[in-house]
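Reading through the structure tokens given below for one structure.
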Amino acid sequence: MKIGIITFHWATNYGAVLQAYALQSYLSEQGHDVEIINYRPLRNIILQRMTWIKNLSFGSFAKERKLKRFRRKNLITSKKVYSSNKALIKANNVYDVIICGSDQVWNMSFIQYAEKNKLTFSYYLDFLNDKTKKVAYAASFGTNEITARFKSKIKECLSNFASISVRENSAKKMLCDIGIESKIVVDPTLLLQANNYNFLPNNAKKEHDLFVYRLHKNQCLFDKVESYLTSTINSVKTSKNMSIEHWLQSIKNSNFVLTNSFHGIVFSMIFKVPFLSVLVEGSDMNDRILTLLSSVGLQERCINEFDKDIIDKIMKTPILWEDVLDKLMKLKEEAKDFLSSAIVDRK
């Protein structure tokens, strides 16, 4: 099958790029002809760069350069670059199947601001005709409620999908509320094995006791937890505009990970590194973390308040990796069955 993937592969975010790499890699391993549709929403990207300049976040430019090198080396993208929803119409009849996802491709903010004076439903595949099969894999809204003004349009778009899967419980409920059936599946990064992420020479020696990876500013709870842990741990490494390769290696070569990132947790599990998860304050995006941790019995490693006793207990409690990996294996098989059925079956 000729498969196109449309996702946030262009985002300056480790998880966004790696989930695109993972889904592409897995489907290619199954014998499909796969490429990522090089949809790069121009206005959205320009606004992002302007925000970096306004906030004097010049390190983000350095990080993006590193991610760009990774994309060029590891992602198979369409030769044609699509900069708008209108341009995507030319992707019709190119693929047998187009998969949207994973990541927060159904984010309400993107709908409103990706293009000037126009609502944009590119990731709901509204640009496709009926000849191309539409599938959603581990898609996410990044919120707990569908904005009222978008409900009818979203339902109209998704009603034309052959198969739909999402990444968290809240997304499944939101779709159910508008009459759309869906299945919960794991993030595509979990479809691959740890050795699929060996982009640098392996170093078996643990190089630091604690790796700290945080997203978002103004996270008071995370600041408190980080301050508490770093006051008692000597060897601490923090992420600072790393390349994807060094970010992965930093997790792998750590004795413990502190993070508020969904993919920080995912790769801690992939590399079997103990972790402590801090929920993001003031965010509707935490359900993806809670859904994943609950599904493998690790929900107690997630905190939403500062308590030294609880933190100490998590730090001292070993993870029974055999049990976790058994549960993950079942989830992976369910996800693989979904993809196989969604791609091959006709509707």
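All of the numbers you see were taken from the coordinates with simple rules; none came from a lab. Here the structure is a predicted model, which is why all the values come from computation and not from measurement. Here Cβ is always computed from backbone atoms with ideal geometry, including for glycine, and neighbour counts include all displayed protein chains.
Between Arg43 and Gln112, the modelled label-to-label distance comes to 1.4 nm, taking each label 7 Å out from Cα in the direction of the beta carbon. The HN-Hα couplings worked out from phi for the range 88-99 by the Karplus form 6.51 cos²θ - 1.76 cosθ + 1.60 (θ = phi - 60°) are 5, 4, 5, 7, 5, 6, 8, 10, 6, 9, 10, 10 Hz, whole numbers, x standing for Gly and Pro. Restricting the count to DSSP beta bridges whose residues both fall in the range 1-158, what percent are antiparallel, rounded to a multiple of 5? Taking every DSSP beta bridge with both residues in the range 1-158, the antiparallel ones total about 5 percent. Between Asn234 and Ser28, the FRET efficiency from the beta-carbon distance, with R0 = 35 Å, is close to 0.25. When the chain is modelled as a GNM with alpha-carbon springs shorter than 10 Å, which of Asp309, Asp326, Asp209 fluctuates the most? Evaluated over the chain, the most mobile residue of the options is Asp309.
Seen through its C-alpha gyration tensor, with square-root eigenvalues sorted a ≥ b ≥ c, the range 165-228 comes out oblate because a/c lies at 1.5 or above while a/b is not bigger than b/c. DSSP finds beta bridges in the chain, and of those with both partners inside it, around 5 percent are antiparallel. The charge dipole of the chain, taken about its Cα centre with unit charges on the Cβ atoms of Lys, Arg (+1), Asp and Glu (-1) only, comes to about 1560 debye. Can you work out D for the range 39-94 in µm² s⁻¹ from Stokes-Einstein, where Rh is the Kirkwood radius over C-alpha pairs, the temperature is 20 °C and the viscosity is 1.002 mPa s? For the chosen part, D equals 163 µm²/s.
For a paramagnetic label modelled on Asp96 (point 7 Å from Cα along Cα→Cβ), amide N atoms under 11 Å away belong, within the range 317-347, to 343-346. The trypsin sites (Lys or Arg not before Pro) of the range 216-248 that DSSP puts in a loop, and whose beta carbon has at most 15 other beta carbons within 10 Å, are Lys217, Lys240.
Residue-wise HN-Hα couplings along the range 247-256, as the Karplus relation 6.51 cos²θ - 1.76 cosθ + 1.60 with θ = phi - 60° gives them from phi, are 5, 4, 5, 5, 5, 4, 9, 10, 7, 7 Hz; Gly and Pro carry x.
Which entries of Lys86/Lys116; Lys54/Lys217; Lys90/Lys151; Lys90/Lys133; Lys183/Lys336 show an alpha-carbon separation above 18 angstrom in the structure shown? Flagged as over cut-off: Lys90/Lys151. Applying the Karplus relation 6.51 cos²θ - 1.76 cosθ + 1.60 with θ = phi - 60° to the range 41-58 yields 3J(HN,Hα) values of x, 4, 5, 4, 5, 5, 4, 4, 5, 5, 5, 4, 5, 4, 8, 6, 8, 6 Hz, where x marks Gly and Pro. A Gaussian network model of the chain, with springs between Cα atoms under 10 Å, assigns the largest mean-square fluctuation among Gly101, Gly59, Gly15 to Gly59. Calculated translational diffusion coefficient of the chain (25 °C, 0.890 mPa s; Stokes-Einstein with Kirkwood radius over alpha-carbon pairs) equals 118 µm²/s.
Which of the three applies to the range 132-245, rounded, prolate or oblate, going by the alpha-carbon gyration tensor with a ≥ b ≥ c and a/c under 1.5 meaning rounded? Oblate is the answer for the range 132-245, as a/c is 1.5 or above yet b/c matches or exceeds a/b.
Once a ≥ b ≥ c are taken as the square roots of the eigenvalues of the Cα gyration tensor of the range 261-327, is the result rounded (a/c under 1.5), prolate (a/b larger than b/c) or oblate (a/b not larger than b/c)? Here the range 261-327 falls in the oblate category. The helix-only estimate of mean residue ellipticity at 222 nm for the chain, built from DSSP H runs of length n ≥ 4 each weighted as -39500 (n - 2.57), is -12500 deg cm²/dmol after division by the residue total.
For the range 290-325, backbone nitrogen atoms closer than 13 Å to the point 7 Å from Lys272 Cα along Cα-to-C-beta are found at 319-325. Between amide H atoms placed 1.01 Å from N, distances below 5 Å from Ile6 occur with Ile37, Ile99, Cys100, Gly101, all of them 5 or more places distant or on a separate chain. Which aspartates and glutamates does Lys224 reach when only Cα atoms under 15 Å apart count, and residues fewer than 8 places away in its own chain are ignored? Excluding near neighbours in sequence, the set is Glu281, Glu305, Asp307, Asp309, Asp312.
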